[in-house]
Amino acid sequence: MSLAPALYTEAPTPASAFACGPAALAPREREALRHIAAGHTYVQTARRMGLSKHTVDAYLRRIRTKLGISSTAELTRLAVSLGL
């Protein structure tokens, strides 16, 4: 009996991420996403949210991990589709 097939699962695709909707994201993650999608830099977003740029980076990394997104363009598309 092999356990290997059970260990390998596919990461969520961006298409399946849209099914998760905003409920999958914490409120501060959604806020950071909204700022980035509006064209703000990490530093500008951090200033507006009262955080360090490292915290903003952590929020966006978590969003990418949760939703299987790899680029800022995909993050922006997600924000637009969620109405952020």
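The values are calculated or read from the model by the stated rules, or taken from the named source; none is laboratory data. None of these values were measured; they are calculated from a predicted model. Please note: Cβ atoms are built from the backbone with ideal geometry, for glycine as well, and neighbour counts cover all protein chains shown. Just the protein is used for accessible areas: all its heavy atoms, side chains included, with ligands, DNA and RNA removed. Shrake-Rupley method; radii C 1.70, N 1.55, O 1.52, S 1.80 Å.
For LYS66, what is the net charge nearby, where nearby means another residue's Cβ is under 12 Å from its Cβ and Lys, Arg count +1, Asp, Glu -1? In short, +3.
Once you reduce region 56-77 and region 27-41 to the center of their Cα atoms, the two points are 10 Å from each other. How much of the accessible area of region 18-84, in percent, comes from carbon and sulfur atoms when a 1.4 Å probe is used? That share works out to 55 percent.
Taking only the Cα atoms of region 19-68, the radius of gyration and Dmax are 10.3, 31 Å.
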